[in-house]
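Okay, structure first, notes after.
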Amino acid sequence: MTDSDIPDPPKDIDALPVRTVAVTAPLRWLALGWHDFTVAFGPSLFHGLIVAVAGLAIAAIALNVWPILPGAFSGFVLIAPILATGLYELSRRIGEGEKPTLAQAIAAWRRGTRPLVWMGVGLAFAATAWVLVSAVLVALFVKEPIVGLDGFLRHVVVSRGSNLFWIWMIAGGLGAALTFAATVVSVPLLLDRRVDLGSAIVTSVRAVGANPLAMALWAAMIMVLTALSMATLMAGFALAIPVIGHASWHAYRSVVDTTGVAPRA
């Protein structure tokens, strides 16, 4: 019998205990993420290149349909936690003293089974919804046609005659904060342990609540690395995504107490 043949735990399982970590813990997570990147360089870089290429494809589409540009990029970031599933598996195996392979990272998608799939569906839905909301906001507040980058900056970013940019930032920030709280440790937890989706999400939210400053610093570091990657025409994602993904695994292992919870086979 395989792991996927075993039903997941009942839906009323309580959230796992969480630990309190130092405010500077994200710096350690990032250092450990870099270490894992160097150990599993090939498979890790492959993940980063896939995201970089996907980012370029999204940019090419969005630059021809300017109203969806803000939502397209921010929605792309929302699904990043699920895209890093293979990186979590690489870090898990490195922690067990193995030299992981790309095949093992790809096979990791079966480890989380249905809860991981539903998490991916939820994040994809949230990203799509945000693209649509962003497009609607642009349509409501921008009365003139957006032509080229200059028009986009003038009417959307500078928002002459409206508060579009600030409304978009507040709405996007709220959505990003909720997504971060729900996924910061839930995806690696689903990959690693036999818990249901609801327990994983509640555990993630509790982890943020128990470590607000450390998690705020971690979120800020992710935002900076993401912005720098976009500023390099997506090339930076080839490095940033693997390091962030590996570091996220160590964030999960540092914050969540999995004692007594069965691992996924």
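Among the residues of region 89-104, which ones are without any contact (Cβ under 8 Å) to a residue 12 or more places away in the chain and either among the hydroxyl-bearing types (Ser, Thr, Tyr) or not in a helix (DSSP H, G or I) (or both)?
Result: Glu96, Gly97, Glu98.
Take Ala182 and decide whether it is crowded, with 17+ Cβ neighbours inside 10 Å and in contact with a strand residue (DSSP E or B) (Cβ under 8 Å, 6 or more places away or on another chain). Please lay out each step first, then the result.
Numbers: crowded, with 17+ Cβ neighbours inside 10 Å: yes; in contact with a strand residue (DSSP E or B) (Cβ under 8 Å, 6 or more places away or on another chain): no.
Answer is no for this residue.
Mind listing whichever residues of region 183-223 are farther than 19 Å from Trp249 by Cβ and outside any helix (DSSP H, G or I)?
Scanning region 183-223 gives a single hit, Asp196.
Scan region 200-223 and give yes if some residue there is closer than 20 Å to Ser44 by Cβ and surrounded by fewer than 18 Cβ atoms within 10 Å (Cβ to Cβ), otherwise no.
Scanning region 200-223, I find at least one residue that is closer than 20 Å to Ser44 by Cβ and surrounded by fewer than 18 Cβ atoms within 10 Å (Cβ to Cβ), so the answer is yes.
Taking the condition of being surrounded by fewer than 18 Cβ atoms within 10 Å (Cβ to Cβ), at negative phi and assigned to a loop (DSSP other than H, G, I, E, B), how many residues in region 224-241 meet it?
Of the residues in that region, 2 qualify.
Table: residues versus (1) more than 16 Å from the chain's Cα centre (by Cα); (2) modelled with pLDDT of 90 or more; (3) of a type outside the set (Phe, Trp, Tyr).
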residue: Arg160; (1), (2), (3): yes, no, yes
residue: Ala182; (1), (2), (3): no, yes, yes
residue: Asn211; (1), (2), (3): yes, yes, yes
residue: Ala251; (1), (2), (3): no, yes, yes
residue: Val256; (1), (2), (3): yes, yes, yes
residue: Gly260; (1), (2), (3): yes, no, yes
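Suppose we filter region 17-45 for residues that are in contact with a Leu (Cβ under 8 Å, 6 or more places away or on another chain) and either modelled with pLDDT under 95 or not hydrophobic (A, V, I, L, M, F, W, C) (or both); how many remain?
Total satisfying the criteria: 6.
List pairs: first in region 133-145 and under 18 Å from Trp166 (Cβ atoms), second modelled with pLDDT under 70 and of a type in the set (Val, Ile, Thr), Cβ under 7 Å, 6+ apart or cross-chain?
Ser134/Ile68; Ala135/Ile68; Val138/Val156; Val142/Val156
Are any residues in region 103-131 at pLDDT 75 or above, buried (at least 17 other Cβ atoms within 10 Å of the Cβ) and more than 15 Å from the chain's Cα centre (by Cα), and if so, which ones?
Gln104, Ala105, Ala108, Pro115
Condition test on Ser134, is it modelled with pLDDT of 70 or more, touching a Leu at 6+ places or on another chain (Cβ under 9 Å) and either over 30 Å from Val23 (Cβ atoms) or surrounded by fewer than 18 Cβ atoms within 10 Å (Cβ to Cβ) (or both)? Full working, then the answer.
Details: modelled with pLDDT of 70 or more: yes; touching a Leu at 6+ places or on another chain (Cβ under 9 Å): yes; either over 30 Å from Val23 (Cβ atoms) or surrounded by fewer than 18 Cβ atoms within 10 Å (Cβ to Cβ) (or both): yes.
Yes.
Looking at (1) modelled with pLDDT of 80 or more; (2) part of a loop (DSSP other than H, G, I, E, B), which one does Asn64 not meet, given that it meets all the others?
For Asn64, the failing item is (1).
The values are calculated or read from the model by the stated rules, or taken from the named source; none is laboratory data. In this text the structure is predicted, and so the values were computed from the model without any measurement. Reconstructed Cβ throughout: ideal geometry from the backbone, glycine too, with neighbour counts over all protein chains shown.
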